[in-house]
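J.: To start, I am sharing the structure in question, which I have written as structure tokens.
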């Protein structure tokens, strides 16, 4: 399936490839493989002048900005004591000169951040989206992006989750309803890399 990418109105958005999240177990793809694929995409985009947005989740020192509603399941990092470097983007991803770093306080990268504003100011209509975790940060960001009218390309092998079944469901049922699902190699080929 051919993938056409209009470089002038496309951006790469990478979700939560930061030390604290990349250090957790992931499936079906190991976190180092996800980082390696996302880094290839970022390098190709940078070389072509396509903006790269590196999104990370962080919390204030007092933790008062963490989400903490009552839940039946695992509350995740919202209730943990986090190491000082937990929200640092992994070195393989950068940031490099010209990259945009977006800090979020919840699952999705749009709510309460400048991401939408910065994309629109640059005339971005299509986002290439990847990261960890598929069913949390990536999917939450994707739902907002869809409702905001962005075209999306989801990179299956540059994303992973804490649960392989959840990842598979998102890429088989949810993401095809909001955009196009591709592999890293497909995007690199479309970019001539």
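J.: Using alpha-carbon positions, what is the distance between the centroids of segment 1-56 and segment 115-177, in Å?
T.: What the calculation gives is 11 Å, centre to centre.
J.: Label points 7 Å out from Cα along the Cβ direction at residue 47 and residue 27: separation in nm?
T.: Label at residue 47, label at residue 27, 3.5 nm between them.
J.: Continuing with the same structure: Pull up the DSSP beta bridges for the chain and report the antiparallel fraction as a percent, rounded to 5.
T.: Around 10 percent antiparallel, to the nearest 5.
J.: From the gyration tensor of the Cα coordinates in segment 77-152, what semi-axes in whole Å does the equivalent ellipsoid have, largest first, with each one equal to sqrt(5λ)?
T.: So the three semi-axes of segment 77-152 are 22, 16, 11 Å.
J.: Round to the nearest 10 and give me the degree value, 0 to 90, for the angle of helix 31-47's Cα axis relative to the longest principal axis of the chain.
T.: Taking the Cα atoms of the chain, the angle to 31-47 is about 40 degrees.
J.: I want to verify the translational diffusion coefficient of the chain in µm²/s; compute it with Stokes-Einstein, Rh as the Kirkwood radius over Cα pairs, at 4 °C and 1.567 mPa s.
T.: 78
J.: Among 119, 48, 129, which one shows the highest mean-square fluctuation when the chain is modelled as a Gaussian network with alpha-carbon springs under 10 Å?
T.: Highest fluctuation of the listed residues: 48.
J.: Which value in deg cm²/dmol, rounded to the nearest 500, describes the helix-derived mean residue ellipticity at 222 nm for the chain, given -39,500 (n - 2.57) per DSSP H run of n ≥ 4 and division by the residue count?
T.: -7000 deg cm²/dmol
J.: For the chain, what is the relative contact order in percent, using Cα pairs closer than 8 Å and at least 6 residues apart in sequence?
T.: Reported relative contact order: 31 percent.
J.: Sticking with this structure for a sec: Of 131, 112, 166, which is the most mobile in a GNM of the chain whose springs link Cα atoms less than 10 angstrom apart?
T.: Comparing 131, 112, 166 in the GNM, the peak value goes to 112.
Every number here is computed from the coordinates shown, using simple stated rules; none is lab data. Predicted model only: the values in this text are computed from it and were never measured. For neighbour counting, all protein chains shown are included, and Cβ atoms are generated from backbone atoms with ideal geometry for every residue, glycine included.
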